[in-house]
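The values are calculated or read from the model by the stated rules, or taken from the named source; none is laboratory data. Every value quoted in this text rests on a predicted model; they were computed, and no experiment measured them. Because the Cβ atoms are built from the backbone with ideal geometry, glycine has one as well, and the counts that use them run over all protein chains shown. Heavy atoms of the whole protein, side chains included, go into the accessibility calculation; ligands, DNA and RNA do not. Shrake-Rupley method; radii C 1.70, N 1.55, O 1.52, S 1.80 Å.
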Amino acid sequence: MEENTGTGNGRKFVRMLGRGEMLFTLLKCDKFFPHILYGFLLIFLVLVLNLMIEKTLVEVEENKQTLYELKIALTQKQTELIGLEKLSTVQEMLKNAGSELTIPDNPAVYIRQ
């Protein structure tokens, strides 16, 4: 007569655990296995889409910051341009360049046809 020490059941349990058969034998979820896989797939897709959306939102915020900085640079250049359009500034720039060009003493003459 053989004596049952329980080591056979322990090995069987470890083997079942290693193969992933625990859910099928203990919970009898054979018929729900495709649904479980589908649920995990949906959760995975939601996580991936969420990460993609977050990445896009980060890019949008970075682009907003870049646009703000470019608007500041544009405003600075516009004020410089307005300052350069002044007659006194133009005359000063011509003198600094060594040009003898000045404001005409007589206005321009229009020729009729």
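Just one of the listed residues (GLY10, GLY18, GLY39) is in a helix (DSSP H, G or I), loosely packed, with under 10 Cβ neighbours inside 10 Å and not hydrophobic (A, V, I, L, M, F, W, C), and it is GLY18. Scanning segment 68-92 for residues that are touching a helix residue (DSSP H, G or I) at 6+ places or on another chain (Cβ under 8 Å) and surrounded by 10 or more Cβ atoms within 10 Å (Cβ to Cβ) turns up LEU84, THR89, VAL90. Looking only at segment 94-113, residues that are part of a helix (DSSP H, G or I) and open to solvent by less than 100 Å² (accessible area, probe 1.4 Å) come to 2 in all.
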